[in-house]
Amino acid sequence: MVKQQVLAALDAARGRYISGQELAAQLGVSRTAVWKAVAALRSDGIPIEAVTNRGYALAADADVLNAAAVAALLAPEPLHTLQIEVVDRLPGTNAALRARADAGAPEGLVLIAQAQSAGRGRGGHSFYSPPGGLYMSILLRPEIGARQAVGLTAMAAVAAARAAEKLCGAPIRIKWVNDLWKNGRKVCGILTEAALDLESGMLDYAVLGLGFNVVAPAEGWPAELQSVAGALFDGDPAPGARAALAAAFLNEFWPLYRTGPRSGYLDEYRSRLALAGHRVLVTPRSGTPRPAAVLGIDDECRLVVRYDGESRPAALTSGEAGVRLL
């Protein structure tokens, strides 16, 4: 907690030095706590300058991520509704937020991590989450049934595509059901997890998680990701890019969520669909992979395909099959 407070204070005073005594008084902690926080931040790679008799200063070009920086860029409604928390590292933001949800945390809690050590994607697959990316989850308590939960993923994909496009300036497409593509490479993954009230059949809560590849890792992508992974920025982004991306997503998503189907998000989802008109290999959870042509998305966010040799189309749910381009 003190680490994030120190980081926020240095970010707010970027361009001037603040003494340890001033920081301690401002935050209501000891100078030793400030010193330990600065040491921990520097070990995390945050470029903090320390000069005797002057204090600490954040490098002018540092890309920091803290709750205050995100909140400063939020539109009025999400600013007054959402609660932003930023931590340095977690095994996974979705798992951490689900535990908070089970304990009664309110809708609108947003958890952001600088990095994840055990990020997960669909089907329990690992999600590579190195420092430099943006990893965030938001707690929702919608009054919908389980079948409508896929709509949350579609809304998030539209909002994330809009936000990413604004920041990087390149067209962003959606690969059904939960990936964003830039130039044919994955730059964002979305995972929606939910808890069901068995008596009512309605959701108790949903946790919506997003992982953005803001820049390529300094050491390069792991071998298994080199042909598929991409980043929003080809070079170093401007300072504050991750905070701007988080705020841009929340500013886009919250109105869609509040409005629901009337927002027309599904039309935009269809227009951004990367697979439309392409041939794909459909791999069911159990069974033999089959080639098919993608026809589009139906009103329940199912992928409509026509298998080779068949005349009637089939509608696929995200839980029953995966697809890849042929």
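What order do you get for 246-252, 138-144 when each peptide is scored by the mean count of other beta carbon atoms within 10 Å, highest first?
On the way: 246-252: 24.1, 138-144: 18.1.
Packing proxy ranking, top to bottom: 246-252, 138-144.
Based only on Cα atoms, what mean projected area does the convex hull of the range 46-91 have, in nm²?
Values: hull surface 20.2 nm².
For the range 46-91, the mean projected area of the Cα convex hull comes to 5.0 nm².
Please report, in Å, the Rg and the Dmax of the range 165-289, where both are computed over Cα atoms only.
17.0, 51
Among Ala60, Ile112, Val280, pick out the residue whose Cα is farthest towards the positive end of the charge dipole of the chain, where Lys and Arg carry +1 and Asp and Glu carry -1 on C-beta, about the Cα centre.
Val280
Between the helical axis of 2-12 and the dominant principal axis of the chain, each derived from Cα atoms, what acute angle in degrees is found, rounded to the nearest 10?
80 degrees
Rolling a 1.4 angstrom probe over the protein heavy atoms, how many square angstrom per residue are accessible across the range 198-326?
50 Å²
Among 280-292, 253-265, what's the highest-first ranking by average C-beta atoms within 10 angstrom per residue?
Values: 280-292: 13.9, 253-265: 16.3.
Going by the mean number of other Cβ atoms within 10 Å, highest first, we get 253-265, 280-292.
Quick check for me: using +1 on Lys/Arg Cβ and -1 on Asp/Glu Cβ, what's the dipole size of the chain about its Cα centre, in debye to the nearest 20? Working shown, then result.
Working: 33 positive and 31 negative charges, 95 e Å.
Around 460 debye, computed over the chain.
Given the peptides 85-98, 149-162, arrange them by the average over their residues of other C-beta atoms within 10 Å, most packed first. Write out the running numbers ahead of the final one.
Working: 85-98: 19.9, 149-162: 23.6.
Per-residue Cβ counts within 10 Å, averaged per peptide and sorted highest first, yield 149-162, 85-98.
Within the chain, count lysine pairs with alpha carbon atoms under 21 angstrom apart where the residues are 8 or more positions apart or belong to different chains.
On the way: Lys3/Lys36; Lys166/Lys175; Lys166/Lys182; Lys166/Lys186; Lys175/Lys186.
Qualifying lysine pairs in the chain: 5.
For the range 182-326, with all protein chains present and a 1.4 Å probe, just round the carbon and sulfur fraction of the accessible area to a whole percent. Can you show the working numbers first?
Working: 3520 of 7100 Å².
After summing per-atom areas, the C and S share lands at 50 percent.
Output the 0 to 90 degree angle, nearest 10, between the alpha-carbon long axis of helix 31-43 and the longest principal axis computed from the alpha carbons of the chain.
That works out to roughly 40 degrees.
Between the alpha-carbon centers of the range 200-228 and the range 251-272, tell me the distance in whole angstrom.
Distance between centres, Cα-based: 21 Å.
The values are calculated or read from the model by the stated rules, or taken from the named source; none is laboratory data. Source: prediction; values computed, not measured. Because the Cβ atoms are built from the backbone with ideal geometry, glycine has one as well, and the counts that use them run over all protein chains shown. Please note that ligands, DNA and RNA were not included when accessible areas were found on the heavy atoms of the full protein model with its side chains. Shrake-Rupley method; radii C 1.70, N 1.55, O 1.52, S 1.80 Å.
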